Structures are given as structure tokens and as C-alpha cells.
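Chemist: Would you mind keeping the following structure in view while I ask a few things?
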């Protein structure tokens, strides 16, 4: 909703009321904000009854939370003694982590449900720095009266996506929130740097997971060294065929075997097997048997 800082002064209470009455808002409000108001209106949400629901069954030890926890712990000194709140939510709109600079801001966040365990999608709370990032898949800034929900209009917030380091999929959102009178462009910098730090933690976790997968598989096969690629002597067409078959087997997520015809008429055999770490499944490994010369 913003790639550069915007003070949001165009969204006065009068303009908000004009929008709600179906009248033109003119050019005083950013187009992205008006679009977000329309999304909220389409859900049937009323600005005066927005409510963050308490969610059940959340996994507070999921990968996103484990990656973000050290980042949020480190933010304690950054926002200490300031009316600033940092929040982490997932791709479904659930809040998981919160770091608040002072008690008054903690109480203010509690009052609107901006706390771990609560949902903060646009359908629940109107446009906001968490839910709107999920809707638009990019950094969003919402200031004061730009909020659809009345209870959020005293705040300014910036949200930035946290993306999966391998797939690029949106995994979550880091938000920075403060009272309107404290808002400044440093909020956007803090949100983006914090989201980038969480992504760095995710990269480390992915690397560790892939290394564990290989080591566990080699142990299960009694191998002492990493084998050279069995596909190296094949033509490019056969390599791609086997790689596609391996991806398909991995997607099944179970033990499975498949025979694949090669370009020279021989048959290659692929075996997919789940491998486990110390406590839980680590992934799927695929072995390839090629015909002899």
C-alpha cells in the first residue's frame, strides 16, 4: 500500500464518512486505501463493530515463529521505553509474537486484540498492516483515519511480508505500530529490516533441514561418503525425465517406486522413502537405480 512514506493526512473523518455514504472521495486519499476500504465493505464489516477473534489450535512452535523469536527478542532494546509495538503474524492472519516498548502501548494493543492468539485479517479488523499485506502481497502503511475500523484510527502501522526463502511464498507479516503522533518513516525501515532478519533465520533453518535430510538418508543406507550423481552420464533429456519423476514421487510424501523408460530403451527405477530426524519426519529421499552397461 506504500513503497515510500505517506503521512495519510488526506484521509479525514469527513472523507471516510463520504466514502461510507457512497459519495466520491476525490483525490485526497491514496487509491490503494480506497481499494482496501472497498474490500472491507465487500465483506459486510461495519467500521464500528470490528472485532479480533481469539483463535484456537495455533502452533506456537511452527517454523515461522521459531525463526522470528530471536529477532523479536533482539528488538527489545530497539523499541524500549517507546510507544511502539512489533507484531508477527502468519499467512492466515493469526498473531503469534508481540514486543511492546512500554506498558501503556501494551494496554492499547490488548484493547483492540493486537496480541498473540488473535486473528487480524481485513474481514475481521478492516484494513490493517497485517491483513492488508496478506491481501496485497506487499509492504503496506496505514495511517490514522485510513483505517476502516474506528478502533484502529488512533494508530499508524506498517506491515512487511516475510517470504519463504526457497519458494518465495508469503509465510507471514512483521508489523510496526505506534500512536499517530509518533509515526515517522523509520517505522518502514524497522519493519523491513525485521522481516529480512526473520527471512535470514528461515534460510538457516532450511539449510539445516536439508543437511539433516542428506545425512539421515546416507546413514540409513550405510553410506560413508556422499555419492556422485548417478545422472551424470545420462543425456539431458533423460536427466530431466528422472528429475521430474523424482519431484512427483516426493510430492506423494510416502514410500513409492516407479520405473522410467530412458531414451535408449533401458529402464531406470526410482524409490522414494521418508527419512526421519530425531523426533519427526525430515523429508523424502529418492534413490535411482540405472541399468548396467
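Chemist: Residue check, residue 187 against (1) surrounded by fewer than 19 Cβ atoms within 10 Å (Cβ to Cβ); (2) in a helix (DSSP H, G or I); (3) within 21 Å of the chain's Cα centre (by Cα), all met but one. Which one?
Modeler: (1)
Chemist: Which of the residues that make up segment 123-153 are in a helix (DSSP H, G or I) and buried (at least 24 other Cβ atoms within 10 Å of the Cβ)?
Modeler: 125, 131, 132, 133, 146, 152
Chemist: Shifting gears a bit: Please indicate, with yes or no, whether at least one residue in segment 198-218 is modelled with pLDDT of 80 or more, farther than 30 Å from residue 72 by Cα and out of contact with any helix residue (DSSP H, G or I) (no Cβ under 9 Å at 6 or more places or on another chain).
Modeler: no
Chemist: Quick check, is residue 195 free of Cβ contacts under 8 Å to residues at least 40 places away in the same chain, over 14 Å from residue 94 (Cα atoms), in a helix (DSSP H, G or I) and in contact with a strand residue (DSSP E or B) (Cβ under 6 Å, 6 or more places away or on another chain)?
Modeler: yes
Chemist: Quick one: in segment 75-106, of everything that is part of a helix (DSSP H, G or I) and touching a residue at least 12 places away in the same chain (Cβ under 8 Å), which residue is nearest to residue 181 (Cα to Cα)?
Modeler: 105
Chemist: Applying the selection to segment 52-107, what residues are on the phi > 0 side of the Ramachandran plot and either touching a strand residue (DSSP E or B) at 6+ places or on another chain (Cβ under 9 Å) or crowded, with 21+ Cβ neighbours inside 10 Å (or both)?
Modeler: Once the filter is applied, which keeps residues that are on the phi > 0 side of the Ramachandran plot and either touching a strand residue (DSSP E or B) at 6+ places or on another chain (Cβ under 9 Å) or crowded, with 21+ Cβ neighbours inside 10 Å (or both), segment 52-107 yields only 93.
Chemist: Being touching a residue at least 24 places away in the same chain (Cβ under 8 Å) and in a loop (DSSP other than H, G, I, E, B) is the filter here; which residues of segment 154-168 pass it?
Modeler: Scanning segment 154-168 gives 154, 164, 165, 166.
Chemist: Only one residue in 146, 181 is without any contact (Cβ under 8 Å) to a residue 40 or more places away in the chain and at negative phi, so which one is that?
Modeler: Among 146, 181, only 181 is without any contact (Cβ under 8 Å) to a residue 40 or more places away in the chain and at negative phi.
Chemist: Any chance segment 250-268 includes a residue that's modelled with pLDDT of 80 or more, part of a helix (DSSP H, G or I) and within 15 Å of residue 291 (Cα to Cα)?
Modeler: no
Chemist: What number of residues within segment 24-33 are at pLDDT 85 or above and surrounded by fewer than 16 Cβ atoms within 10 Å (Cβ to Cβ)?
Modeler: 1
Chemist: If I ask for residues that are free of Cβ contacts under 8 Å to residues at least 40 places away in the same chain and in a helix (DSSP H, G or I), which ones from segment 58-71 would you list?
Modeler: Passing the criteria: 65, 69.
Chemist: Which of the residues that make up segment 107-122 are more than 15 Å from residue 51 (Cβ to Cβ) and outside any loop (DSSP other than H, G, I, E, B)?
Modeler: Those that are more than 15 Å from residue 51 (Cβ to Cβ) and outside any loop (DSSP other than H, G, I, E, B): 107, 108.
The values are calculated or read from the model by the stated rules, or taken from the named source; none is laboratory data. Quick caveat: nothing in here was measured; it's all calculated off a predicted structure. All Cβ positions, even for glycine, are placed from backbone atoms using ideal geometry, and neighbour counts span all protein chains on display.
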